[in-house]
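Undergrad: Structure in structure tokens, see below.
The values are calculated or read from the model by the stated rules, or taken from the named source; none is laboratory data. Remember, it's a predicted structure, so these values are computed and weren't measured experimentally. Cβ placement follows ideal geometry from the backbone for every residue including glycine, while neighbour counts extend to all protein chains displayed.
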Amino acid sequence: MIAKIMIPYRSRMHLLPARLVLLGLAVALGSGCVYRMDIQQGNFLESKTVDQLAVGMTRSQVRYLLGTPMVPDLFDKDRWDYLYYFQRGRLRRPDQRHVIVYFKDDKVTSFERQNIPEGSAPQAPDQGAPIGKFPKI
């Protein structure tokens with residue numbers, strides 16, 4: 001004869017907080033698997049536009065070519081910083097690019113390119129769903 005162990009109702013009530021804690025832990029761990037949207041910040045810097053930058057250009061020509069500088073330097077008016085940051089999803093490394101333009105007498109004297117590969121544009125975010133996905137009316 002096998003004896004059946006009976007757990008009184010009161011003892012089962014003590015298991016309820018433990019079950020709630022386990023449920024809360026499972027929900028907290030499961031919430032880490034959330035879609036992370038792409039993040040794009042700064043001036044979109046393509047190597048073909050940065051290649052057109054030349055010593056002797058005026059400030060208005062540089063602004064037309066690269067856009068308004070992302071980080072205006074309050075202490076040095078003769079330096080413009082252009083930054084680009086693109087994070088695709090959560091697990092990939094971000095794409096970061098930086099161009100510094102130096103001026104003297106409102107003309108470009110020198111510039112620095114950082115992390116801008118020759119001949120390739122940074123990967124832009126998707127432009128949206130293709131038109132074929134929308135229902136025809």
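Undergrad: Name the strands (runs of 3 or more DSSP E) wholly inside the stretch 39-120 in which the number of residues that are aromatic (Phe, Trp, Tyr) and in contact with a helix residue (DSSP H, G or I) (Cβ under 9 Å, 6 or more places away or on another chain) is 2 or more.
TA: Strands (runs of 3 or more DSSP E) meeting the threshold: 79-87.
The rows are residues; the columns are (1) polar (S, T, N, Q); (2) within 25 Å of the chain's Cα centre (by Cα).
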site: 40; (1), (2): yes, yes
site: 49; (1), (2): yes, yes
site: 53; (1), (2): no, no
site: 71; (1), (2): no, yes
site: 80; (1), (2): no, yes
site: 86; (1), (2): no, yes
site: 98; (1), (2): no, yes
site: 106; (1), (2): no, no
site: 112; (1), (2): no, yes
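Undergrad: Out of the residues in the stretch 38-70 meeting the condition of being without any contact (Cβ under 8 Å) to a residue 40 or more places away in the chain and touching a Phe, Trp or Tyr at 6+ places or on another chain (Cβ under 8 Å), tell me which one is surrounded by the most Cβ atoms within 10 Å (Cβ to Cβ).
TA: Across the stretch 38-70, the extreme among qualifying residues is 66.
Undergrad: Then there's this: Looking at (1) in a loop (DSSP other than H, G, I, E, B); (2) among the aliphatic types (A, V, I, L, M); (3) at pLDDT below 85, find the lone condition where residue 29 falls short.
TA: With respect to (1) in a loop (DSSP other than H, G, I, E, B); (2) among the aliphatic types (A, V, I, L, M); (3) at pLDDT below 85, residue 29 is out only on (1).
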